[in-house]
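Let me give you the structure first, and then I'll get to my questions.
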Amino acid sequence: MEEQLIAVVDGARARFFCVRERGTPSGEQKNKLVEVETLINPAHRIKDGDLFSETRPGQRKAFAGGPGHGVDDKRDAHAVEFDRKFAKLVLETMAKLIRAHSVTYAILAAGPLMLGHLREHRHLLPRVEIGELPKHLTELTPHQLCLRLEADELI
């Protein structure tokens, strides 16, 4: 059986699984996913008040009692940059696991936005065949994830 690695990623965490075979009581061989590593994005654990001087964007008062005006502190740009950095860390870890487990086929499952960030850093991965699944699947149990990947004929 070829070695396979599955990375299931969202903005907050990444879970890495290897595919193993298990025997059933009837003697049939079935796939089983074994979680080999988990990464947590620390930027998603930090509160806005710890990142920015204001806890929420809003209005600033004008001088001399004039009308206030809205301000944009670029929070969305910061969030995108945190996701890009996390995507790079995910692929660096994935590359390490591919080499350590002699993986020949890998799957990246992530929401469309995160998948785009992962594609930006795809050059970090060794040359192996990679399948993509643009879905949010990090909340699934290993068994549910295995069934989902089998239904999509990815494993």
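The values are calculated or read from the model by the stated rules, or taken from the named source; none is laboratory data. All values derive from a computational prediction rather than experimental measurement. Ideal geometry is used to build each Cβ from the backbone, glycine not excepted, and the neighbour counts take in all protein chains shown.
Give the residue, chosen from ALA87, ALA151, ALA110, that is touching a helix residue (DSSP H, G or I) at 6+ places or on another chain (Cβ under 7 Å), among the small types (Gly, Ala, Ser) and closer than 20 Å to LEU33 by Cβ.
Numbers: ALA87 fails: closer than 20 Å to LEU33 by Cβ; ALA151 fails: touching a helix residue (DSSP H, G or I) at 6+ places or on another chain (Cβ under 7 Å).
After applying the criteria, what remains is ALA110.
So, ARG99, is that one on the phi < 0 side of the Ramachandran plot, part of a helix (DSSP H, G or I), at pLDDT 90 or above and surrounded by 13 or more Cβ atoms within 10 Å (Cβ to Cβ) or not?
Working: on the phi < 0 side of the Ramachandran plot: yes; part of a helix (DSSP H, G or I): yes; at pLDDT 90 or above: yes; surrounded by 13 or more Cβ atoms within 10 Å (Cβ to Cβ): no.
Against the criterion (on the phi < 0 side of the Ramachandran plot, part of a helix (DSSP H, G or I), at pLDDT 90 or above and surrounded by 13 or more Cβ atoms within 10 Å (Cβ to Cβ)), ARG99 does not qualify.
Just need a number here: residues in the stretch 102-147 that are among the polar types (S, T, N, Q) and not in a loop (DSSP other than H, G, I, E, B).
So the count comes out to 1.
Given the residues GLU150, GLU132, which is the only one that is of a type in the set (Asp, Glu) and either free of Cβ contacts under 8 Å to residues at least 12 places away in the same chain or farther than 20 Å from ARG20 by Cβ (or both)?
None of the other options fit; the residue is GLU132.
Give GLY49, GLY27 a once-over and let me know the one that is part of a loop (DSSP other than H, G, I, E, B), out of contact with any Lys or Arg (no Cβ under 7 Å at 6 or more places or on another chain) and at pLDDT below 95.
Residue meeting the stated conditions: GLY27.
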